[in-house]
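Bear in mind these aren't lab numbers, they're just calculated from the coordinates by the rules spelled out. Worth saying up front: this structure is predicted, and the values here are computed from it rather than measured. As a convention, Cβ positions derive from the backbone with ideal geometry for all residues, glycine included, and neighbour counts pool all protein chains shown.
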Amino acid sequence: EAQVTQNPRYLITVTGKKLTVTCSQNMNHEYMSWYRQDPGLGLRQIYYSMNVEVTDKGDVPEGYKVSRKEKRNFPLILESPSPNQTSLYFCASSSRDRGGEQYFGPGTRLTVT
Amino acid sequence: AQSVTQPDIHITVSEGASLELRCNYSYGATPYLFWYVQSPGQGLQLLLKYFSGDTLVQGIKGFEAEFKRSQSSFNLRKPSVHWSDAAEYFCAVGAISSGSARQLTFGSGTQLTVLP
């Protein structure tokens, strides 16, 4: 089954404790992205990647890092989480094809206290 | 920079009634337009998309949307709403430029409530 998976699905952590949210897709997609969803703001792109070792900032990159060492994986790293990073995070992937839609993972709900 | 406006934060309709969710976009070239639906606690599911061609696009679950370039709109419609359509709906505009990845800009969403 074609899918994007994220782990963990729920995470409660404390300020300053480094964490990683994993994202993996099995569709051999070139493009992968991370979004955060906040009430009233819709989804905002954090980082995206065009292919292995190629990443770039989205609209709200501050406080986040990413890496793309393998085509299927695109982890999101919070080196020193803060309460304003409490949010719902989505990973997405799409093919290079013109008509390629973005497939979204199930989401990770992060709470930083 | 592209942007999307969904002017209705919350819409309530009765089951069986027709539905129209509004979406206005701002983009300098021909846009790629999408409607996604998010059920409570779920991820986003693509309802339909527009890239070119026929301006009336059919999607899943009986939804359709019409691209109107002159009005910069891409409104979502359904002739008869079902209780299971209660969810949050997001309009998005996508851009692909040379050397860049596909970037989606989302609207803030419209929450749909369906009354029995």
Near-label residues of segment A:82-113 by backbone N, under 14 Å of a point 7 Å along Cα→Cβ of A:GLN3: A:104-107
field: Under-5 Å amide H pairs with B:GLU15, H placed in peptide plane, nonlocal only
entry: B:LEU115
- prompt: In debye, nearest 20: dipole of segment B:1-96 around its Cα centre with unit charges on the Cβ of K, R (+) and D, E (-)?
  reply: 220
message: Considering only C-alpha atoms, what is the centroid distance from segment B:35-74 to segment A:43-113, in Å?
response: 23
- line: The simple spin-label model distance between A:ASN28 and A:GLU70, using points 7 Å out along Cα→Cβ, in nm, is 1.7
field: Additional length obtainable on full extension of the chain from B:TRP83 to B:THR55, 0.36 nm per residue less Cα span
entry: 7.3 nm
- request: Pull up all non-local amide H partners of A:LEU43: gap of 5 or more, or a different chain, and H-to-H distance under 5 Å with H placed in the peptide plane.
  value: B:PHE106
field: Cα-centred dipole magnitude for the protein assembly as shown, charges only on beta-carbon of K, R (+1) and D, E (-1), debye, nearest 20
entry: 480
